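Single-structure report; data block below.
The values are calculated or read from the model by the stated rules, or taken from the named source; none is laboratory data. None of the values given here were measured: they were computed from a predicted structure. Here Cβ is always computed from backbone atoms with ideal geometry, including for glycine, and neighbour counts include all displayed protein chains.
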Amino acid sequence: MSLGIKSFAVGLAASAVIVSGGTAALAAGNLNHSTTGGSFNGQWEFYPAGVGHGGFHFWGLLNDTKNDGHAMKAVVRVAGYAPNDFYAPRDRDRRLNQEVYDPAATRTDIARFKICRDRGAFLPDNCSRETTHRR
């Protein structure tokens, strides 16, 4: 193989790596939710297969804006599983940095996120609109 063909092959492989890395970066964004009594301001991304658990990673500040004795929670679901609840203490803010994943798969493709004010067993929770995130 001549030097020109080897250089071309190496350049082609490098550009394929750059392009595939660029498409993986598209599965990320801002994550801003609000409801009566609270808000969440942060970001999200999907880990690639082989990194972490290949799951939905989110981080940010879960903020209790009302200080009314009710706790705030982030509710995150991945396809096919029950929701995961991440609570902030009553009347306090909490910084979250979590990964939610499908333990039976090498990567998660769909995740749903919302925040709620947990008003106890007798009153319904106040929740933000649920957003769906896809890889």
* Structure fact -> Being among the basic types (Lys, Arg) and farther than 19 Å from ASN30 by Cβ narrows ARG112, ARG107, ARG134 down to just ARG107
* **Test result for ASP109, more than 20 Å from GLY42 (Cβ to Cβ), in contact with a Gly (Cβ under 8 Å, 6 or more places away or on another chain) and touching a residue at least 24 places away in the same chain (Cβ under 8 Å)** => no
* Structure fact -> Residue count, the range 64-92, condition surrounded by fewer than 18 Cβ atoms within 10 Å (Cβ to Cβ) and either charged (D, E, K, R) or over 25 Å from ASP102 (Cβ atoms) (or both), comes to 10
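Here is a yes/no grid of residues against (1) over 20 Å from ARG135 (Cβ atoms); (2) part of a strand (DSSP E or B); (3) modelled with pLDDT under 90:
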site: VAL19; (1), (2), (3): no, no, yes
site: LEU26; (1), (2), (3): no, no, yes
site: GLY50; (1), (2), (3): no, no, yes
site: TRP59; (1), (2), (3): no, yes, no
site: ASP85; (1), (2), (3): yes, yes, no
site: PHE113; (1), (2), (3): no, yes, no
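Taking the range 61-83 as the search range and keeping residues that are basic (Lys, Arg) and at pLDDT 95 or above, which one is farthest from the chain's Cα centre (by Cα)?
As a first pass, look at the range 61-83 and keep what is basic (Lys, Arg): 66, 73, 77.
Next, from what is left, pick out any that are at pLDDT 95 or above: 73, 77.
Details: LYS73: 14, ARG77: 10 Å.
Going through the qualifying residues, I end up with LYS73.
For the range 93-135, which positions are hydroxyl-bearing (Ser, Thr, Tyr), surrounded by 15 or more Cβ atoms within 10 Å (Cβ to Cβ) and closer than 17 Å to ALA49 by Cα? Walk me through it before giving the result.
The first filter runs over the range 93-135 and keeps only residues hydroxyl-bearing (Ser, Thr, Tyr), leaving 101, 106, 108, 128, 131-132.
Keeping just the survivors that are surrounded by 15 or more Cβ atoms within 10 Å (Cβ to Cβ) gives 101, 108, 128.
Passing the criteria: TYR101, THR108.
Give me the residue from the range 100-111 that is of a type in the set (Val, Ile, Thr) and assigned to a loop (DSSP other than H, G, I, E, B) and, out of that set, nearest to THR35 (Cα to Cα). Can you show your working first?
Restricting attention to the range 100-111, the residues satisfying the condition of being of a type in the set (Val, Ile, Thr) are 100, 106, 108, 110.
Restricting the remaining residues to those that are assigned to a loop (DSSP other than H, G, I, E, B) gives 106, 108.
Details: THR106: 33, THR108: 27 Å.
Ranking the qualifying residues of the range 100-111, first place goes to THR108.
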* Residue ID - surrounded by the most Cβ atoms within 10 Å (Cβ to Cβ), chosen from residues in the range 27-50 that are in contact with a strand residue (DSSP E or B) (Cβ under 9 Å, 6 or more places away or on another chain) and without any contact (Cβ under 8 Å) to a residue 60 or more places away in the chain -> GLU45
